[in-house]
Amino acid sequence: MLVEQTAAKTENRTVSVYKQIKSNILVGKLIPGERVLISKVCDELGVSLGAVREALSRLVSDGLVVSIPQKGFQVAPLSRQDLEDITIVRIDVECLCLERALEHGNLKWESGILSAEHELSRYAIEDSESFGRINPQWAEAHERFHFSLVSQCGSPWLLNLRANLYAQSERYRLLSVPLEHKRRAVVKEHRDLAAAAINRDQSRVKALISEHFQRTTQLLLDADFF
């Protein structure tokens with residue numbers, strides 16, 4: 001029993017560290033190419049070297065962190081080619097999830113979409129305390145909204161694949177934050193997506209989600225970030 005309790009505590013610490021480092025990457029506190037110092041993470045979170053190493057290994061599997069021999073870990077770099085590839089694959093997977101969700105969604109699913117869209121509309125995209133950085137509350141609400149659309153997909157494998165693609169694309173979104181409010185009506189985009197999903201308009205919701213993802217990608221390509 002004691003061994004099981006110790007193992008459970010270790011796993012909980014690892015999961016906690018994993019979530020914190022992942023969050024720091026997705027909101028831009030850790031930038032692409034930046035080294036992730038294990039000793040620093042241990043001090044900041046008050047956890048063991050083992051918990052941090054295991055968390056980083058999981059992030060390597062997710063593609064958010066890379067391991068460099070003799071140098072340790074660093075946040076995965078970004079590239080134009082990677083962004084274009086992620087966008088294409090993400091649209092395909094998201095549309096498949098949406099097809100299934102629109103077929104199986106019920107009244108509770110519809111209510112969840114409306115609630116998530118309303119919550120998201122109440123937050124500003126940019127962090128008021130750090131110019132050009134994403135607002136963590138908006139980022140969390142944004143993830144909940146997009147998940148609400150596909151939540152009734154019914155396929156754990158598809159949803160896991162989708163979640164990984166979402167995390168990868170969020171790293172690129174960080175670069176587009178200063179451009180978002182100037183060049184697009186993000187609130188309207190989300191409102192239109194919610195309406196199309198609830199109306200079970202499969203062709204429209206797929207077209208809207210494709211445009212939604214492509215707009216962010218095009219902003220970055222036009223700005224020549226890479």
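The values are calculated or read from the model by the stated rules, or taken from the named source; none is laboratory data. None of these values were measured; they are calculated from a predicted model. So basically every Cβ, Gly included, is an ideal-geometry build from the backbone, and we count neighbours across all protein chains shown. Side chains are part of the model used for accessible areas, which takes the heavy atoms of the whole protein and leaves out ligands, DNA and RNA. Shrake-Rupley method; radii C 1.70, N 1.55, O 1.52, S 1.80 Å.
Worth pointing out:
- For region 198-226, the set of residues classified as touching a Leu at 6+ places or on another chain (Cβ under 7 Å) and in a helix (DSSP H, G or I) consists of Gln202, Val205, Lys206, Leu208, Ile209, His212, Thr217, Leu219, Leu220, Ala223, listed by residue number.
- Condition met for Leu30 (part of a helix (DSSP H, G or I) and of a type in the set (A, V, I, L, M)): no
- Matching residues, region 123-155, being small (Gly, Ala, Ser) and in a helix (DSSP H, G or I): Ala139, Ala141, Ser148
- Number of the exception - His104 against (1) at pLDDT 95 or above; (2) within 19 Å of Glu211 (Cα to Cα): (2)
- Residue among Pro77, Pro69 that is free of Cβ contacts under 8 Å to residues at least 60 places away in the same chain, open to solvent by 50 Å² or more (accessible area, probe 1.4 Å) and either within 20 Å of Arg171 (Cα to Cα) or among the aromatic types (Phe, Trp, Tyr) (or both): Pro77
- Residue in region 104-114 that is within 18 Å of the chain's Cα centre (by Cα) and either of a type outside the set (A, V, I, L, M) or surrounded by 20 or more Cβ atoms within 10 Å (Cβ to Cβ) (or both) present: yes
- Region 120-160, residues that are surrounded by fewer than 17 Cβ atoms within 10 Å (Cβ to Cβ), over 21 Å from Lys29 (Cβ atoms) and more than 16 Å from the chain's Cα centre (by Cα): Ser121, Arg122, Gly154, Ser155, Pro156, Trp157
- Residue list for region 54-66, filter: open to solvent by less than 30 Å² (accessible area, probe 1.4 Å) and within 14 Å of Arg35 (Cα to Cα): Leu56, Leu59, Leu64, Val65
- Against the numbered list (1) more than 28 Å from Arg215 (Cα to Cα); (2) surrounded by fewer than 19 Cβ atoms within 10 Å (Cβ to Cβ), Ala51 comes up short only at (2).
- The listed residues are Arg100, Arg90, and the only one of them that is of a type in the set (Lys, Arg), closer than 27 Å to Phe145 by Cα, more than 17 Å from the chain's Cα centre (by Cα) and assigned to a helix (DSSP H, G or I) turns out to be Arg100.
- When region 164-191 is filtered for residues that are open to solvent by 50 Å² or more (accessible area, probe 1.4 Å) and at pLDDT 85 or above, the ones remaining, listed by number, are Asn164, Ala185, Val187, Lys188, Arg191.
- Residue match in region 127-144 (condition: closer than 21 Å to Ile88 by Cα and in contact (Cβ under 8 Å) with a residue 12 or more places away in the chain): yes
- Selected residue [at pLDDT 95 or above, part of a helix (DSSP H, G or I) and touching a Cys at 6+ places or on another chain (Cβ under 8 Å)] from Leu159, Leu120: Leu159
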